């Protein structure tokens with residue numbers, strides 16, 4: 001198996017990654033932005049533009065499709081993995097496992113699809129350069145973070161290739177990954193993020209966003225979300241009923257025991273909740289459910305749209321993009337949310353059902369902000385993310401093949417580093433074009449909130 005991997009270097013040398021940033025399929029920046037806004041809620045598009053314009057790193061987070069156009073047609077080893085599809089540095093985070101442990105992994109799969117593993121790694125490396133620049137790190141430090149992410153990926157693949165299959169399948173799920181990735185400088189950051197994540201639960205959401213009130217003077221107090229426009233807004237009764245119908249059907253996408261668990265909860269309220277950068281403008285709801293006594297559960301019901309990588313990869317479109325996202329997460333993550341599933345419903349009353357994913361809104365989630373790290377910690381973060389990404393890819397790609405191709409040469413690391421810097425430069429130019437269009441009034445934008 002390793003020999004098969006080594007043979008692929010004849011087809012695609014390790015240094016081939018050192019290339020120009022722009023691809024032959026790249027659209028004009030404003031054309032890409034206009035296309036990416038189609039189908040979103042119109043009143044939220046200016047907010048999305050404001051968030052993307054906040055910094056080059058913010059722009060990058062909302063432009064996975066633009067990078068996919070640049071990566072298409074580039075050098076590929078020929079090895080396919082289930083991709084995150086948007087493996088930038090801020091899409092690695094902490095969350096609670098089914099057993100209550102805090103683990104760290106990739107935590108966003110809106111763009112997941114089977115494709116060249118190199119695409120995820122190069123997106124990660126360029127994001128580290130951009131995050132470092134936003135944080136004020138020196139150029140050498142940004143380069144080092146990108147290079148060490150590639151080196152950590154390569155070394156983790158080699159280690160996983162030596163492990164028994166049953167052991168490599170669930171490797172690196174907890175803080176032990178810091179030791180394996182030599183990311184010792186992040187121990188304090190990890191512990192602080194984990195402490196905060198343990199408190200990040202549905203109960204905390206309810207305490208902050210929910211009130212009890214008697215809406216109709218019937219003497220019955222109901223739990224309702226408190227509007228905080230535009231981030232959290234009440235929905236019409238027709239939308240509430242549509243979401244309820246979708247949640248009733250969503251249970252079929254869960255394992256049988258989890259359907260039984262879900263059936264014990266009753267829906268109290270639904271609100272529209274804005275999340276992220278690239279997701280702004282999608283129909284994303286939070287659903288408040290109540291269980292035993294004063295137990296609360298908050299679910300996120302998020303519109304699933306086609307992966308922006310799909311136009312540049314072979315294969316037929318999936319029957320349901322929510323199912324695509326869920327199945328991708330289940331394949332890539334060591335431990336997925338036990339309530340992660342998919343459904344369809346018609347929130348707009350148009351007669352057309354849209355695909356959605358459903359998951360716990362707060363599942364002890366936490367994060368380490370890569371754009372807020374010191375230069376030394378950014379390098380550690382790059383090593384950590386590189387190791388986690390290798391582990392994620394080897395759940396669908398035999399690590400022996402990957403390790404055989406990568407070998408133990410630093411030529412690959414340097415090639416990824418050079419491309420990452422060029423792509424960060426390209427992104428800064430793209431961001432400048434967006435901000436110029438906003439200043440001239442060509443693109444409407446609101447201050448990010």
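The values are calculated or read from the model by the stated rules, or taken from the named source; none is laboratory data. Note that the coordinates shown come from a computational prediction; the quantities given were computed from them, not determined experimentally. No Cβ is skipped: glycine too gets one built from the backbone with ideal geometry, and neighbour counts run over all protein chains shown.
Residue 315 fails exactly one of the following numbered conditions: (1) buried (at least 18 other Cβ atoms within 10 Å of the Cβ); (2) in contact (Cβ under 8 Å) with a residue 40 or more places away in the chain. What is the number of that condition?
Tallying (1) buried (at least 18 other Cβ atoms within 10 Å of the Cβ); (2) in contact (Cβ under 8 Å) with a residue 40 or more places away in the chain, residue 315 fails exactly one: (1).
Can you name the helices (runs of 4 or more DSSP H) wholly within region 199-272 that have at least 3 residues being modelled with pLDDT under 95 and exposed (fewer than 13 other Cβ atoms within 10 Å of the Cβ)? Explain how you work it out, then say what you get.
Values: elements: 202-209, 237-250, 256-263.
Those helices (runs of 4 or more DSSP H) span 256-263.
Condition check: over 20 Å from residue 263 (Cβ atoms) and in the same structural domain as residue 263 (by TED's automatic domain parsing). Does residue 343 satisfy that?
Considered against the rule, which asks whether it is over 20 Å from residue 263 (Cβ atoms) and in the same structural domain as residue 263 (by TED's automatic domain parsing), residue 343 comes out as no.
Given (1) assigned to a helix (DSSP H, G or I); (2) touching a helix residue (DSSP H, G or I) at 6+ places or on another chain (Cβ under 6 Å), where does residue 31 come up short, assuming only one miss?
(2)
Take residue 42 and decide whether it is surrounded by fewer than 24 Cβ atoms within 10 Å (Cβ to Cβ) and either in the same structural domain as residue 374 (by TED's automatic domain parsing) or touching a helix residue (DSSP H, G or I) at 6+ places or on another chain (Cβ under 9 Å) (or both).
For residue 42, the condition - surrounded by fewer than 24 Cβ atoms within 10 Å (Cβ to Cβ) and either in the same structural domain as residue 374 (by TED's automatic domain parsing) or touching a helix residue (DSSP H, G or I) at 6+ places or on another chain (Cβ under 9 Å) (or both) - is met.
Is it the case, given these coordinates, that residue 30 is at pLDDT 95 or above and buried (at least 17 other Cβ atoms within 10 Å of the Cβ)?
So residue 30 does not fit the description; no.
Listed residues 64, 69, 21; which is crowded, with 18+ Cβ neighbours inside 10 Å, within 23 Å of residue 354 (Cβ to Cβ) and not assigned by TED's automatic domain parsing to the domain that holds residue 332?
On inspection, the qualifying residue turns out to be 64.
When only residues in region 287-309 that are out of contact with any helix residue (DSSP H, G or I) (no Cβ under 8 Å at 6 or more places or on another chain) and farther than 14 Å from residue 261 by Cα count, which is surrounded by the fewest Cβ atoms within 10 Å (Cβ to Cβ)? Explain how you work it out, then say what you get.
If we filter region 287-309 for residues that are out of contact with any helix residue (DSSP H, G or I) (no Cβ under 8 Å at 6 or more places or on another chain), which is where we start, we get 289-295, 300, 302-303.
Filter again for farther than 14 Å from residue 261 by Cα, leaving 293-294, 300, 302-303.
Working: 293: 6, 294: 9, 300: 20, 302: 24, 303: 21.
Once the filter is applied, the top-ranked residue is 293.
Any residue at all in region 378-388 that is closer than 26 Å to residue 287 by Cβ, in contact (Cβ under 8 Å) with a residue 12 or more places away in the chain and touching a strand residue (DSSP E or B) at 6+ places or on another chain (Cβ under 7 Å)?
no
Is one or more of the residues making up region 428-448 within 22 Å of residue 153 (Cβ to Cβ), touching a helix residue (DSSP H, G or I) at 6+ places or on another chain (Cβ under 9 Å) and in contact (Cβ under 8 Å) with a residue 40 or more places away in the chain?
Checking region 428-448: not a single residue is within 22 Å of residue 153 (Cβ to Cβ), touching a helix residue (DSSP H, G or I) at 6+ places or on another chain (Cβ under 9 Å) and in contact (Cβ under 8 Å) with a residue 40 or more places away in the chain.
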